[in-house]
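In what follows, a single structure is set out as structure tokens and then discussed.
The values are calculated or read from the model by the stated rules, or taken from the named source; none is laboratory data. Because the structure is a prediction, the values reported are computed rather than measured. Counting neighbours? That spans all protein chains shown, and the Cβs are built from the backbone with ideal geometry, glycine included. Just the protein is used for accessible areas: all its heavy atoms, side chains included, with ligands, DNA and RNA removed. Shrake-Rupley method; radii C 1.70, N 1.55, O 1.52, S 1.80 Å.
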Amino acid sequence: MAITQFVKKRACDLMLLAGLGRYGRFRNRHKLLVIMYHGVTRKRHEDPIWTQLPLHLFEAQIDFLHRYYHPVTLGQVLRSLHGRERLPERAVLLTFDDGLKNNYSVAWPILRAKKIPAVIFLTVDFIGGSAMLWPDELYLLIKGAWEQGVPVPNPLATCCSQAGTVWQRYVLLIETMKRMKEGQRLEAMALLSRELPLPASDFAEEFALLNWEEVTTMHHHGLIDYGVHTATHKILSRLSPVELKNEIVSPKKKLEEKLGHEIQAFCYPNGRSNIDFTNHHKELLRREGYVCAFATDHGLHTMNDDPFAIRRIAAGNDMTSYPALFELASAGII
């Protein structure tokens, strides 16, 4: 793994030296770059949890984007999709999935200082409560078990028995549980919660979600817009028609009531085209008043492409944030 990453890094460095970053920014100057963030942290995580981007990397990326791109608001993107506005060349939209509290405490002060807009996709029913998203709870349970030498209970133990680190064990378990039906996943999480210790650590604060006061404070300041990331972060392709309404329609109405204006943007949990959402879900979103939806598929977005499958460039605590790779991906080269 280390050798593979070393080779990738050197290859990206050489591509930048060859001028491919500048070439890509010019060639793709009329496409929309959308960056996908989750959390931004001041803490040092021994395990490189992907969703928690260290602050120094976030600041470096913001400086880079501010230098070479033109940050735009969600409103500008929506007006462009309606044909009422043309985006500037090298437009970039910053997005944050889930609605983590450190979007407010860590990321927002940086964005405010630079006057860079962003959109946060809220897991609406969890805002203002004490619950955390199940993938984050799973990570903390696996971390606690690893640190205290407690084995993962059967039948889940078999899928991660060969893992050599906390993160590897977590990745194997979460991919297994994502494929489960909702009832099976709930049973599995209940089993893990009974059998595994939750670490007594302030790292749990990293996975707390925003409250409504924080949401409205950022909203009233004017730089932060919001969209829906479902009600409870369920993957659309696993849901019944009734469950889909609860995850798509209800949170839209609730967020509109809280903010006092129409919500037109949606973000798919997990977000892979034709796996986590299909044309059926895109049509449902359109019927319910959404104008666009953001996926996790990698790439830049051409403004006349499908507005309900907007591609993004991921920026997490892994190779995606290696400076040369991030620059090349943002330019549409890789």
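Table for the structure above
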item	result
P(r) tail fraction, segment 172-248 - alpha-carbon pairs more than 15 Å apart, %	73
1.4 Å probe accessible area per residue over segment 1-57, in Å²	60
Leading residue at positive end of dipole, the chain (Cβ point charges), from Ala331, Gln264, Ala107	Ala331
Surface share of carbon and sulfur [accessible, 1.4 angstrom probe, percent] for segment 110-173	53
Heavy-atom accessible area ranking, 1.4 Å probe, most first, across Ile3, Ile275, Ile35	Ile3, Ile275, Ile35
Translational D in µm²/s for segment 23-69 (Stokes-Einstein at 37 °C, 0.692 mPa s, Kirkwood Rh from C-alpha pairs)	263
Spread of Cα-to-Cα distances over 5 Å intervals beginning at zero, given as percent, for segment 138-288	1, 8, 15, 17, 14, 15, 14, 10, 5, 2, 0
In Å, descending, principal axis extents of the Cα set of segment 118-187	39, 26, 22
Segment 230-282 - Rg and Dmax from Cα coordinates, angstrom	11.3, 34
Helical contribution to [θ] at 222 nm, DSSP H n ≥ 4, -39,500 (n - 2.57), averaged over the chain, rounded to 500	-13000 deg cm²/dmol
Amide hydrogen neighbours beyond the local backbone of Ser273, cut-off 5 Å, H modeled	Thr296, Asp297
Amide hydrogen neighbours beyond the local backbone of Thr41, cut-off 5 Å, H modeled	Leu53, Leu55
Where Arg44, Arg169, Arg84 fall by accessible area, highest first, once all protein chains stay in place (1.4 Å)	Arg44, Arg84, Arg169
Segment 106-111 - phi-based ³J(HN,Hα) in whole Hz, Karplus 6.51/-1.76/1.60, Gly and Pro as x	10, 6, 4, x, 5, 5
Exposure ranking of Arg86, Arg22 by accessible area [1.4 Å probe, largest first]	Arg86, Arg22
Rounded accessible area of Glu147 (nearest 10 Å², 1.4 Å probe)	110
With all protein chains modelled, accessible area of His233 [1.4 Å, Å²]	30
Of all DSSP beta bridges in the chain, antiparallel share, percent nearest 5	5
Per residue, the convex hull volume that the Cα atoms of the chain enclose (Å³)	133
Computed Kirkwood radius, in angstrom, where 1/r is averaged over Cα pairs of segment 259-305	11.7
Entries in Lys178/Lys234; Lys8/Lys101; Lys8/Lys43; Lys101/Lys254; Lys31/Lys253 that, when Cα-Cα distance is taken, lie over 21 Å	Lys8/Lys101; Lys8/Lys43; Lys31/Lys253
Quotient of C-alpha Rg and 2.2 N^0.38 Å, computed over segment 31-164	1.32
Hull volume in cubic angstrom per residue (convex hull over the Cα atoms of segment 54-131)	101
Charge context of Leu65, other residues only, Cβ under 12 angstrom, K/R +1, D/E -1	+1
